[in-house]
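The values are calculated or read from the model by the stated rules, or taken from the named source; none is laboratory data. Please read all numbers here as calculations on a predicted model, not as lab measurements. Here the Cβ is made from the backbone with ideal geometry for all residues, glycine too, and neighbour counts use every protein chain on show.
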Amino acid sequence: MDDFSSEIIATEDAEIFLRRKGSGPPLLLLHGFPQTHLMWRDVAPLLADELTVICADLRGYGASSCPSSTADHAPYSKRALAADMVAVMAKLGFTRFAVAGHDRGGRVAYRLALDHPETITKLAVLDIVPTAEAWDRADARFALGFWPWTLLAQPEPLPERLIAAAPDAIIDSALNGWGSPASTFSSAVRAAYIEALRSPGHIHAICEEYRAAAAIDREHDAEDQRDGRRIACPVLALWSAEGALAQWYQADGGPLAIWRRWAVAVEGGAVAGGHFFPEERPMATVDALHMFFMAPA
């Protein structure tokens, strides 16, 4: 992504690092755990042929800052992370934009659409169901398969100390354990993800984000459901054909049926590959995103 420009933009209480390229309609790409904006390295350049693509590091991740947290973890709620992105895009001159998010970034992306419906034109969520839905269906498979949800949400300092002691083991377990082959990640990419987990401030911030997902984020989701608030813009839901979403939620009608409880208009389907399919299958990901975001609203 060397041909992307880079900058740091200050929001109310954070500094957000981003890379940017293109001159068409704006598209914000948000990463997951344990990644950074680098996860879009093979996707973003192709989308930038027709779109203005902005790849941002979420607060607490990558080269973005780590604001102080509070007892309720609100500074690392998806609501707070979404507000960062609204501020960043506004400072770039975009008061309306499309967004796609993978994993944790998908949770920020759908919160953007719920909290700022006047801002988001289209939404793509990659390999997630809403946070409250995931917790409500959590079982032994969930606890063992997606260990960051439970481990990183534990009270400090236990998860912080574990990550700090072996960031390479954390990265290897995540990258090798969720269905994508090890060959998906070059040694340079793996090293970059490990390096992003060496900072004590970032380690704590990431744990706070997971603690928020186990607490305040669930409350925000429950409020939306109780109040009948739904995502108004078109939604694309993509998930790993070999991953958990394709298997665990069949009794609920699959991921599309779950998302249709949350949004007015939902389309999508499975993409070949494991959880990290944007990195494992970038061309398939580009094709699906391009078709969705370039279609008339």
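The rows are residues; the columns are (1) modelled with pLDDT of 95 or more; (2) surrounded by 23 or more Cβ atoms within 10 Å (Cβ to Cβ); (3) not charged (D, E, K, R); (4) not in a helix (DSSP H, G or I).
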site	(1), (2), (3), (4)
212	yes, yes, yes, no
222	yes, no, yes, no
228	yes, no, yes, yes
237	yes, yes, yes, yes
269	yes, no, yes, yes
292	yes, no, yes, no
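When region 194-210 is examined, which residues are found to be surrounded by fewer than 22 Cβ atoms within 10 Å (Cβ to Cβ) and among the β-branched types (Val, Ile, Thr)?
194
Working carefully through the options 159, 155, find the one that is within 25 Å of residue 218 (Cβ to Cβ) and not in a helix (DSSP H, G or I).
Just a single option satisfies the conditions, and that option is 155.
Residue by residue through region 11-24, note down the ones that are touching a residue at least 60 places away in the same chain (Cβ under 8 Å) and outside any loop (DSSP other than H, G, I, E, B).
Hits for region 11-24 are 16, 18, 20.
Residue by residue, here is whether (1) without any contact (Cβ under 8 Å) to a residue 60 or more places away in the chain; (2) over 22 Å from residue 210 (Cβ atoms); (3) within 18 Å of the chain's Cα centre (by Cα) holds:
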position: 65; (1), (2), (3): yes, no, yes
position: 68; (1), (2), (3): yes, no, no
position: 74; (1), (2), (3): no, no, yes
position: 78; (1), (2), (3): no, no, yes
position: 82; (1), (2), (3): yes, no, yes
position: 92; (1), (2), (3): no, yes, no
position: 105; (1), (2), (3): no, no, yes
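Say whether the condition of being within 21 Å of residue 186 (Cβ to Cβ) and over 15 Å from the mean Cα position of the chain (by Cα) is met by at least one residue in region 29-40.
Within region 29-40, none of the residues are within 21 Å of residue 186 (Cβ to Cβ) and over 15 Å from the mean Cα position of the chain (by Cα).
From 284, 251, grab the single residue that is part of a helix (DSSP H, G or I) and either in contact with a helix residue (DSSP H, G or I) (Cβ under 7 Å, 6 or more places away or on another chain) or under 25 Å from residue 47 (Cα atoms) (or both).
Within the list 284, 251, the selection yields 284.
Any residue at all in region 213-228 that's in contact with a strand residue (DSSP E or B) (Cβ under 7 Å, 6 or more places away or on another chain) and over 16 Å from residue 160 (Cβ atoms)?
Checked region 213-228: no residue is in contact with a strand residue (DSSP E or B) (Cβ under 7 Å, 6 or more places away or on another chain) and over 16 Å from residue 160 (Cβ atoms).
Considering only region 126-157, state which residues are among the hydroxyl-bearing types (Ser, Thr, Tyr) and touching a Lys or Arg at 6+ places or on another chain (Cβ under 6 Å).
131
List the number of the failed condition for residue 178; all other conditions in (1) surrounded by fewer than 18 Cβ atoms within 10 Å (Cβ to Cβ); (2) under 27 Å from residue 257 (Cβ atoms) hold.
Going through (1) surrounded by fewer than 18 Cβ atoms within 10 Å (Cβ to Cβ); (2) under 27 Å from residue 257 (Cβ atoms) one by one, residue 178 breaks only (1).
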